[in-house]
Amino acid sequence: MSLKIREFDKVLTRKGFIALSKNDHKYFYLQDLEGKQTLIRTRRSTHGNQKDISDDILSAMYKQLHFESMAAFKNFYDCTMSHKEYINFLKVKEKI
């Protein structure tokens, strides 16, 4: 299920994440509904000419974002879960 980097970045920003570039990585931090930064975060490398995010990296990312399966992460990515729904999901799991 490798994903295009550009599309991945757009999806996360639509879902309430802010992106910060540091060294050779881009960090994504989730903002709550009031715009405050939470502890939920993930990162991806900006090193090299990569155009896709590999499956092994996606596997680590979905765990960092507190999904229980790649299928749940794919539903989030495919925009079936809004920013507000994701926040509620994390609250139920007591992650924020």
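Every read-out reported here was derived from the displayed coordinates using simple, explicitly stated rules and does not represent laboratory data. Fair warning: this is a prediction, and the values are worked out from it, not measured in the lab. Using ideal geometry, Cβ is built from the backbone for each residue, glycine included, and neighbour counts are taken over all protein chains shown.
When the pairs Lys22/Lys84; Lys15/Lys51; Lys15/Lys36; Lys51/Lys84; Lys22/Lys91 are compared against a 25 Å limit on Cα-Cα distance, Lys22/Lys84; Lys51/Lys84; Lys22/Lys91 fall above it. Remark: the Lys74-Tyr27 segment gains 15.0 nm on full extension, using 0.36 nm per residue and subtracting the alpha carbon distance.
So, R0 is 25 Å and r is the distance between the beta-carbons of His66 and Thr46; what FRET efficiency does that work out to, to 0.05? Efficiency, from the Cβ-Cβ distance: 0.60. Counting Lys and Arg as +1 and Asp and Glu as -1 over every other residue whose Cβ lies under 13 Å from the Cβ of Ser82, the net charge comes to +1. Evaluating 6.51 cos²θ - 1.76 cosθ + 1.60 at θ = phi - 60° for every residue in region 49-61, the Karplus couplings come out as 9, 5, 10, 10, 9, 6, 4, 5, 5, 4, 4, 5, 5 Hz, glycine and proline recorded as x. Judged by the mean number of other Cβ atoms found within 10 Å, the most tightly packed of the peptides 64-71, 17-24 leads the ranking 64-71, 17-24. Give the angle, between 0 and 90 degrees and rounded to the nearest 10, that separates the Cα long axis of helix 83-92 from the longest principal axis of the Cα atoms of the chain. The answer is roughly 70 degrees. Report summary: the helix-based calculation at 222 nm, which adds -39500 (n - 2.57) for every DSSP H run with n ≥ 4 and divides by the residues of the chain, gives -11500 deg cm²/dmol. Scalar couplings 3J(HN,Hα) for region 65-82, obtained by applying the Karplus form with A = 6.51, B = -1.76, C = 1.60 to θ = phi - 60°, are 8, 6, 8, 8, 8, 5, 4, 5, 5, 5, 4, 4, 5, 7, 6, 7, 10, 7 Hz; x denotes Gly and Pro. Full extension of the chain segment joining Asp56 with Lys10 gains 14.5 nm, where the gain is 0.36 nm per residue of separation less the Cα-Cα distance. Working note: Karplus 6.51/-1.76/1.60 with θ = phi - 60° gives region 10-25 the couplings 5, 4, 5, 5, 5, 8, x, 8, 10, 10, 10, 9, 9, 6, 10, 9 Hz, where Gly and Pro are set to x. Note: relative contact order over region 3-92, using C-alpha pairs below 8 Å and six or more positions apart, is 26 percent.
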